[in-house]
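Have a look at the structure below, then the notes.
The values are calculated or read from the model by the stated rules, or taken from the named source; none is laboratory data. What you see is a predicted model, and the numbers here were worked out from it, not measured in a lab. Note: ideal-geometry Cβ built from the backbone for every residue, glycine included; neighbour counts use all protein chains shown. Note: areas computed on protein heavy atoms with side chains; ligands, DNA, RNA excluded. Shrake-Rupley method; radii C 1.70, N 1.55, O 1.52, S 1.80 Å.
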Amino acid sequence: MLKEHRPSLYPTEEWDDLLDIKIAKLSKEGTNTDQLTYVHAVQSGLHLLNESLDKSHTLSQDIHNTTGSYWHGIMHRMEGDYSNSKYWFRQVGDHPVFTLLLQQVKEIYRQSHAEYESISSDNLKGRLDKLVSSSSWDPYGFVDLVQQQVTVARDDNAEQLLQHIQWIEIKLLLQYCYDKSGGTAFDF
């Protein structure tokens, strides 16, 4: 299921209502308080994959660490509240996921050269170039890219590339949370 569905940059409704029920029933037994925080973080991320922004928001705002702020920032970016998203990314600071995220985004950028070249917006291309040439992940730059795409450019090729980047971001953060919850590797 997760391999076939990449959440929208700006979802308008849940992808699968039944999936929300399954996510809510994830086992929490045998976890200590710190692990339970990350079980909730996994649930928050899974709700974002299902495009259930309200359910993700409810969970993420009760996770009082940088990872909860990260989920919160992604959720607000997906709902189109870009300034609020940046607020939450300021709360994140430098997250452990950022280094691997930037590496994988640079690789996708190299592999997607044909799609990149077919992006019609010079503004988007310039912002994308800046994002991938940076020495560290810039969550604010990615928020700006998504905002430009959703509100102005609406370029199909850019949409696909940005959705892929968002997919990588969510996968990496989910894996991080799952590991912290005491789980083992996800198979995406």
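Per-peptide packing, taken as the mean over residues of other Cβ atoms within 10 Å, places 139-148, 37-46 in the sequence 37-46, 139-148 from highest down. Remark: relative contact order (the chain) = 27 percent; criterion is Cα-Cα distance under 8 angstrom and separation of 6 or more residues.
Across the stretch 91-106, coupling constants 3J(HN,Hα) worked out from phi with the 6.51/-1.76/1.60 Karplus curve, θ = phi - 60°, read 5, 5, x, 9, 7, x, 6, 4, 4, 5, 4, 4, 4, 5, 5, 4 Hz, and Gly and Pro carry x. Under a model in which nothing but the beta-carbon of Lys, Arg (+1) and Asp, Glu (-1) is charged, the stretch 1-152 shows a dipole of about 380 debye around its Cα centre. Accessible area per residue for the stretch 130-188, computed on protein heavy atoms with a 1.4 Å probe, is 44 Å².
Considering helices alone, the calculated mean residue ellipticity of the chain at 222 nm is -21000 deg cm²/dmol, with DSSP H runs of length four and up weighted by -39500 (n - 2.57) and normalised per residue. When the surface is traced with a 1.4 Å probe over the full set of protein chains, GLU14 keeps roughly 70 Å² accessible. Shape class of the stretch 83-172 from the Cα gyration tensor (axes a ≥ b ≥ c, square roots of the eigenvalues): oblate, since a/c reaches 1.5 or more and a/b does not exceed b/c.
For ASP34, tell me the accessible area in Å² from a 1.4 Å probe, rounded to the nearest 10. Around 90 Å² of this residue is reachable by solvent. Rounded to the nearest Hz, the phi-derived 3J(HN,Hα) couplings of the stretch 33-39 under the Karplus curve 6.51 cos²θ - 1.76 cosθ + 1.60 (θ = phi - 60°) are 4, 5, 5, 4, 4, 7, 4, where x marks glycine and proline. Helix 139-148 and the long axis of the chain differ in direction by around 60°, with both axes built from C-alpha atoms.
Pairs over the 30 Å Cα-Cα cut-off, from the set LYS86/LYS171; LYS86/LYS106; LYS55/LYS125; LYS25/LYS125; LYS86/LYS125; LYS22/LYS171: LYS55/LYS125; LYS25/LYS125.
Taking label positions 7 Å along the Cα-Cβ direction at both ASP122 and TYR87, the computed distance is 3.6 nm, reported to one decimal. Ordering HIS113, HIS164 by accessible surface, largest first, gives HIS113, HIS164; the 1.4 Å probe counts only protein heavy atoms, with every chain in place. Given R0 = 35 Å, the distance between the Cβ atoms of VAL152 and THR33 translates into a calculated FRET efficiency of 0.20.
For Cα extents along the principal axes in Å, pick the label among [x] 47, 37, 32; [y] 60, 42, 24; [z] 51, 34, 31 that corresponds to the value derived from the coordinates. Evaluating Cα extents along the principal axes in Å on these atoms matches [z]. Shape of the stretch 101-144 from the C-alpha gyration tensor: oblate (a/c of 1.5 or more and a/b not above b/c, with a ≥ b ≥ c the square roots of its eigenvalues). Extension gain, ASP94-ASP62: 0.36 nm per intervening residue step, less the Cα-Cα distance, totals 9.5 nm.
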